[in-house]
Every structure is written in C-alpha cells, then in structure tokens.
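Each remark here refers to the structure printed beneath this line.
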Amino acid sequence: MAYSSLIGARVKRKEDPRLITGKGNYVGDLKLPGMHHVAFVRSPYAHARIRGIDAKTALNRPGVVAVITGRDLPPLCGPMPIGGGEGGAAPDPANDTRPTHYALSIERARHVGEAVAAVIAVTPEIAADAAAEVVVDWEPLPAVVDMLKTREDGAPRLFEDAPNNIDHVWTRKRGDPDAAFASAHRVVSQRISSQRLSGVPMEGRAVVAAPDPTTDGLTVWTSCQGPHLNRGNLAKVLRMEENQIRVIAPDVGGGFGVKIYSYPEEILLAALAREYRMPLRWLETRLEHMATTTHGRAQVFDLEVAVQEDGTITGLRMRGVGDLGAYPVDPVIPDLTGMMGVGAYGIPSVDIEIACVYTNTTPVAAYRGAGRPEAAYYIERMIDIVADELGMDPIEVRRKNFIPPDKFPYKTPCGPTYDSGEYDKALTRALEISNYAALREEQKRRLTEDEGRKTNGGEPSSSVLGPSSLLGIGVACYVEMCGFGPYESAVVRVDPTGTVTVFTGISPHGQGGGTTFAQIIADELGVDFDKIVTKYGDTGNTPMGQGTMGSRSIAVGGSALVRAAGKVRDKVRQIAAHILEAAPEDIVLEAGHYQVKGVPARSLTLAEVAAQAYSDGLPSEIEAGLEATDFFVPKLIYPFGAHVAVVEVERETGIVRIREYYTVDDCGPRVSPMLVEGQVHGGLAQGIAQALLEEVVYDAGGQLLSGTLMDYAVPRADDFVTFHTDQTVTPTPHNPLGVKGIGEAATIGSTPAIANAVLDALSSLGVRHVDVPLRSEKVWRAIEG
C-alpha cells in the first residue's frame, strides 16, 4: 500500500458521521435519575432595586421543590468570577476591586434579563410556570444605555465604587504623535462604531449539575469552550477543591467566544445541586440567549491619522469607548483593540486612549475575534478614507504603509511584536485572483454609462440589480493576534495493539480538532488515521488545559501534541533499536515503518513495537509503556491576509448584494486544508453579517428590541455567494508546526472589506462613511442625503 503524508492532506472530518446522523451527545440530551429542572425569574427592568420577593404562590404549586433568591446564596457560594477568557487570566477574587454580583442578584438588577430568583421543580414546564408566579417588588431606577453618555456627570451610576461608570482606561502613547500631527500634510478624521452583536450559536447554553458521592463533590455538564477554566471558577466560587469537581463539555453546538465564561446559571445549578443533593438541569431559551449571554463588539472610536502628501501615515490617534455592559465579564477585550490599532502598517507614532465603561445592558465580552475585528475595521476604513481624500487608489496607500517582510519580528508602537508577515504578497495574490484591475475598469465604464444615461435618458444594462445600481470594490488587509497561553497540554498514549489515544486540554466545539489531531499523530508516529482517537472536554480524563478560544487549537494545542508525540517516537525508536539490534540513532520513521536507516527490510510497525513495550521483554534501562505528556507554553502569533469584496448597491432601495468575494488568508502551513476552508467560510459569514445585517438594539430605557430571531437578522445561505479562497504560506518561528490560527481570521478581514466595498460604491455620490450594519434603509438614506 502506498504511503502518503496526512499533514496537509484533504481528509473528511472524523466527527461528521456521528454528528450528521443524530448520534451526537449534547447537554440537553442528558437524563439522570431523579433529575429536577430550574427556571429563572429575570428582571424586566434595565435598572431596578429589589425591595422584596414573594414566592408563596409558586411554592404552593404541585411539583415545586424550592424557590431560591439571592439572599440564600452567600452561605452556598461567592460572587461571580471575572475574566479568564481571551483577555487574559482571571484575577484573584480576593485582590480584585472590580464590582461583581452573585449568581442571583441580591439588591439591584442592572440589565434586562438579569436573574434574581430561581425555581426548582420536577419538570421544566412546572418550573417555568412557577417562575412566572414569583412576585418581585421592583423599584425602577434611571438607566444609562448609551456608552457615550454613561460617563457624563449626572448619569445613573451602576456601582458606587465606579465613578462615571468607568471600569478602566487603557492608554498607549509611543513615538512622537504630537510632532507627526503637527507636521502632517493632512489630518484625516472619522468617528467609527462597531455595533453590538450576539453570538447565536446553534446550541444555546445548557447546564446539568449532579452530586458526586465518590468525591463528596460535583459533576457538571456544560456547553462551554473550556472545561478546566470552568472547573477552576466553580471551585473558587463554591469554595471547593478542584479535584472535587468534574466538568464535562460533551458535544457543543458552537461557541464563537460566548461560551468561554462561567455564567450565573452554571454557578447556581452547581451550588443548588450540592445543597439539595439532586441532579439539576437548565436549558437556555433563545430569548434568554439574546438577553443574558454575553454580547460582542459595542465600541465607538474617534480616529485621526496624520498623513503625508504621498500617502505615508506618520501618526495614529484613537479615542475610544468600549461598552462592558452591566458587569465586567472580560473587561480587557477593548484593550486588545488598542493593541492591534496599527494593523498591517508601519505607523511609527500612536496616541491611544480607550475608556471601558458600564451601561445597563447585557455584559459584553469575547465574540469571534474579540477586539481584533474592531481594530481591523477602524484602520482599514481609515486607509480608504485617506485614499479618497488624497485622490489615491486604496491599494497604493496600503502598499505605501505596509510593514516590509525584512522588518520581522516587528515591535509595533501599540505593544505587540509581530512574528512574521508578507502583507504585500497576500494583497498581490488577492488582486490577481479577483482581477482587480478589470473590476476598476468596469466600475469606471459603468459610471460613464450612468452619466450618459442621465444626460441622454438611456438605460444601460450591465448590472444584475438593474440600470441604477452602483458597483463597489472593497479591499481589506488584516493582522490577527492569537495563540494565547499560558499553556496547552497533550497526552499521547500508544496502546499495546498499536492504536493511539490522544488526550488534550483543547475543547473543540465544531472546529474538527479530532480530525486535525489525528492527521498530526498519523504522521508523527506512523499509525493509521482510523486507529487514532482524540478525547477532550472532560476534566476527569484530560490534562489541565485552557480550552478552545482565540484561534489556539492547532498553534498551541497542536504544538503540545507534536512535542508529546516526539517523546513517544523517541521511545519507539529506542525499543525498535533493541528489537532490531541497531543503535537508536540509526532508526528512522519511513512510510509508516520504523526501520534501520538505509535497510528497509529491517523494519517494524508501531503495533509491533507497542506489543514489546508492554511486555516483559524490555531491557532494564527501558521503562515499560508508550505514553508521554507535554505542556506547551506559547508566544503570540499573528496570522494575516487580504480580502476583496465586490458589491452592487441599488440606488432606489439601498439594497446591497454581494457579487463576488475573494480571500487570501495566511495561517502558515495548513494541517487540514478542508477544515481551514470551512473555518474561513464560517468566519466570512459572521464578518459579512456584521457588515450588512446583525445588530443588538436597546431602546433608551434599556429594553431589548432584538430579542428574537425575528428581530435579530442572522444571515441565510442566499445572502452569500460562492467564496473564492486562496492562501499564502508564511510560517511562524514560535511553534514546531509553524502554524498560525485561522478560526477568527476571516471574520476580522471580511467586515472592513464589505464596508469598504459599499462605501466605494457610494463614493461617487459624495458619501464618505456610514456605520455598519449597512442595511438597506441606512444605505438608502445615505444615498438620498
């Protein structure tokens, strides 16, 4: 049988047959003996004082076991944990001064949907009906919803120890920005906002918690992205030892960042399961998801760039506000926007200030890209605005300011040190596959025809949307920061028959980690792809890990796997050398066999070596078994790419149609090209949706106006075209595979590409900027204006 390498091969996902035939195992599928159900009483007000809670009627309903309020919780658990996601490690609760709250708020509710009481009942229906019968004596308080008004004197204050509702202010001033602006040929300014978004994974959040008599602890099943992170948070809040708690994330139906964190529902169910000694279950409704699961983005920035006559940008000034919502779930996400402020460009001087503020809205935390999509959107819009003001092609301005390849590693004035990059190479390839020059010629021709029609009353017919549509071509280049630490783990175990089991701290939820890890192990150890099993998502049998977020699965988890496999391979060579009576250094892995170098006939399979490894035939200097563990400590890595979007905008209606879309993404070598393409397609869908459709909307009083999928516009298949994807390959020196992340990259590049395309179409009408989402009414008003 011919042998072929699996790293870089297009293989089908190992997970798919089970998932697409309905054999997945989700938290909502669990049925435990004696299981009871929990429903929540939630605030109808954005800001209100809780004067009292009357549960007598609910408690009298048959099937109701208990009604719990916030005042019952201090003996059972501590306040909610803060952070611990993409923004960095969770602070020590004993030393953190940020405001927080209990899983059921005690004195005040600070956003619509905040839980203030919970009902335990024998069925979910009885629990929900009883929750509706709990009477809360509310005292409505003034609310502040607008992040730009929350710092004003006299604005309602969410926390007494947070003056002007400010959590913190992130600043960065490097180079000589004052001189850059003083000597600029032109200063280009624009206010740009990134609207609030909801994650909307296919599976909502879900929790089952049950007592574990073997440890006098708990087992918690939860739809999350990091089981060990959740276990650590539960242990802290419940005042338990970590080895008393087992957290299991079975099949998880999508996360996109919003399932990183520990939520009040997880904390409460765990505390109540322990207190009442019974299994408890809660499944999120879609309305609960929209109102209580963390949101993303929610920023407003005033940007200025100092630019010379030839298009060289010498300074960047950013003054931003990041909305944290009602509580600091992951308060440093806006800081990541500042850290990536210069994007792919060698801007020497920056002056950045970002105020992170509280409002009476759902907390804002990580959502696919977490701070980096916002940064790319801001700088890429500014590049196009600069080009427009100087009368230059936006491609020329980008090339004028790119960080050149010979400057890497490159320390940016915003703080990060980029590992490697060839930004112009990616852009050049994107221009080639999109036939950019021909698109510009078509645009000029259509504008000329349009002018002729106005003059002569003619009707040109070159547009798919009719004679009055406008063609727009948008380009965006992006750099992403990913591969967060502090570490990731892997255990590689070769069984006596030569099959391999991988245990990883990575916790995939749709990315195909079981497939990519099997591809790596197949090549590293010479084992059949189908004889590899990957186990994850269970703190009871996997090594300590950080989970899946921040595009770290292959770059960090895969690196730990490669190093653990290398340790196993070294021992295999040692045992093979003993069997074949050769020196270990003369044993090589060739075409799936361990052979004496240059003598293919003297070879062994992994199964043959494994059988010896678990026998009594080893010499005394070789320990039995074939297993190794590794914890890989990463450095941050910076994938990049270039996107070209082609849109048509109908004058009469403002409808935007995508005509063509091209991407060139550089994530280093691709372990599994098919899975990379899938991640790119999904990322494009979410980034384009931000540009054109999605937005969480509150009214002035803090009421959620987009609380259902009838009101929140997620994209459909017919909103997209066939994506044209391509790549360049620039390895990172920071891990043994040379790989960079890909899970968030397309989201980061696509929002500015679409926005630039639409604004390019409108530029002939004198429209300079319109904030996303570029829905038809907003675009139509810009055209009419």
Taking region 351-369 and keeping only residues that are closer than 26 Å to Ile313 by Cα and not β-branched (Val, Ile, Thr), one is left with Asp351, Glu353, Ala355, Gly369
Residue check: is Gly682 open to solvent by less than 30 Å² (accessible area, probe 1.4 Å), small (Gly, Ala, Ser) and not in a helix (DSSP H, G or I)? no
Flag if Arg186 is closer than 30 Å to Thr312 by Cα and not aliphatic (A, V, I, L, M): yes
Subset of region 30-50 (residues that are open to solvent by 80 Å² or more (accessible area, probe 1.4 Å) and out of contact with any strand residue (DSSP E or B) (no Cβ under 7 Å at 6 or more places or on another chain)): Lys31, Pro33
Near pairs, Cβ below 7 angstrom, 6+ apart or cross-chain, from region 694-723 (touching a residue at least 40 places away in the same chain (Cβ under 8 Å)) to any residue that is open to solvent by 50 Å² or more (accessible area, probe 1.4 Å) and in a helix (DSSP H, G or I): Gly707/Leu287; Thr708/Arg286; Thr708/Leu287; Leu709/Arg286; Phe723/His681
May I ask you to list the residues in region 192-222 that are touching a residue at least 24 places away in the same chain (Cβ under 8 Å) and over 25 Å from the mean Cα position of the chain (by Cα)? Ala209, Ala210, Pro211, Asp212, Thr215, Asp216, Gly217, Leu218, Thr219
Residues in region 487-510 that are at pLDDT 95 or above, in a loop (DSSP other than H, G, I, E, B) and open to solvent by 20 Å² or more (accessible area, probe 1.4 Å): how many? 5
Can you tell me how many residues in region 105-164 are buried (at least 21 other Cβ atoms within 10 Å of the Cβ) and at pLDDT below 95? 0
Considering every residue within region 642-652, establish whether at least one is of a type in the set (A, V, I, L, M), within 20 Å of the chain's Cα centre (by Cα), over 24 Å from Gly254 (Cα atoms) and at pLDDT 95 or above. yes
Quick check on my filter: what residues within region 1-53 are assigned to a helix (DSSP H, G or I) and in contact with a Leu (Cβ under 9 Å, 6 or more places away or on another chain)? Val27, Gly28
Every listed condition ((1) in contact with an Asp or Glu (Cβ under 8 Å, 6 or more places away or on another chain); (2) at pLDDT 95 or above) holds for Asp29 save (1)
Using beta carbons and a limit of 6 Å, which pairs, at least six apart or on different chains, have the first residue in region 663-687 and under 12 Å from Val739 (Cα atoms) and the second one at pLDDT 95 or above and small (Gly, Ala, Ser)? Asp666/Ala426; Asp666/Gly641; Gly668/Gly738; Pro669/Gly738
Name every residue in region 755-785 that is buried (at least 22 other Cβ atoms within 10 Å of the Cβ) and of a type in the set (Val, Ile, Thr), in order of residue number. Val758, Val772, Val779
Look at Lys635 and say whether it is touching a residue at least 12 places away in the same chain (Cβ under 8 Å), surrounded by fewer than 16 Cβ atoms within 10 Å (Cβ to Cβ) and not acidic (Asp, Glu). yes
If you scan region 731-774, which residues turn out to be in contact (Cβ under 8 Å) with a residue 60 or more places away in the chain, within 29 Å of the chain's Cα centre (by Cα), assigned to a loop (DSSP other than H, G, I, E, B) and closer than 30 Å to Gly391 by Cβ? His769, Asp771, Val772, Pro773, Leu774
Selected residue [more than 30 Å from Ala48 (Cα to Cα), touching a helix residue (DSSP H, G or I) at 6+ places or on another chain (Cβ under 8 Å) and among the aliphatic types (A, V, I, L, M)] from Met318, Met278: Met318
Restricting attention to region 362-398, which residues are under 13 Å from the mean Cα position of the chain (by Cα) and of a type in the set (Asp, Glu)? Glu374
Would you pick out the residues in region 1-28 that are touching a residue at least 60 places away in the same chain (Cβ under 8 Å), open to solvent by 80 Å² or more (accessible area, probe 1.4 Å) and within 27 Å of the chain's Cα centre (by Cα)? Arg10, Lys12
Quick check, is Gly232 under 27 Å from Arg368 (Cβ atoms) and assigned to a loop (DSSP other than H, G, I, E, B)? no
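The values are calculated or read from the model by the stated rules, or taken from the named source; none is laboratory data. The shown structure was predicted, so the numbers you read here are calculated from the model rather than taken from an experiment. Heads up, the Cβs are rebuilt from the backbone with ideal geometry, glycines too, and the neighbour counts pull from every protein chain shown. These accessible areas exclude ligands, DNA and RNA; they are computed on the full protein's heavy atoms, side chains included. Shrake-Rupley method; radii C 1.70, N 1.55, O 1.52, S 1.80 Å.
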